[in-house]
Amino acid sequence: MNPHEKHRGLLDSAHAVMPDAVAGRSLFRAPWQARVFALMVALANNGHTPWRAFQQRLAEEIEKAGNSVENTADTEDAYFDCWLAAAERTLVEEGFVARRDMDERIDLIRAALADPAVDPAANPTRDQ
């Protein structure tokens, strides 16, 4: 299989699991949503984590969120928050990243959003 065929196969696989766009709108409201989706599909397609394991975590996150996912004006945002939580759990529970490292990176990104002088690509300092 040449690289183009492999890419085509991965794209077809992603489309098979991707929810349909609604009323001509993009499926994703923000770039991070597309990135999280792409990351999880790539990990599953390359055999690094079972798709069903991610689906189970997503179902658990939706259940935890309860009515906030079903009965709010921001249902899509709540749903993608569940996606993000399931993706974070997958990355940690499958051993791709330590929870502490992820939390530090999240804190650094939040700091960069609040203060443009902060470099989100910098390595967080650690207490040792």
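The numbers here are math on the coordinates, done by the rules we state, and not lab data. Treat the numbers as computed from the prediction; the structure is a model and nothing was measured. So basically every Cβ, Gly included, is an ideal-geometry build from the backbone, and we count neighbours across all protein chains shown.
Structure notes:
- Note, ³J(HN,Hα) from phi for segment 36-49, Karplus 6.51, -1.76, 1.60, rounded to Hz, x at Gly and Pro: 4, 4, 4, 4, 5, 5, 5, 4, 5, 5, 8, x, 7, 7
- Extension gain from D77 to R52, taking 0.36 nm per residue of separation minus the Cα-Cα distance: 6.7 nm
- Ordering of 39-51, 99-111, 80-92 by packing [mean C-beta count within 10 Å, highest first]: 80-92, 39-51, 99-111
- For segment 50-64, 3J(HN,Hα) per residue [Karplus equation, 6.51 cos²θ - 1.76 cosθ + 1.60, θ = phi - 60°, Hz, x = Gly/Pro]: x, 4, 4, 5, 5, 4, 5, 5, 4, 4, 5, 5, 5, 4, 4
- Pairs of Cα atoms nearer than 8 Å and 6+ residues apart set the relative contact order; for segment 29-114 it is 27 percent.
- Overall form of segment 29-114 per C-alpha gyration tensor (a/c, 1.5; a/b vs b/c): oblate
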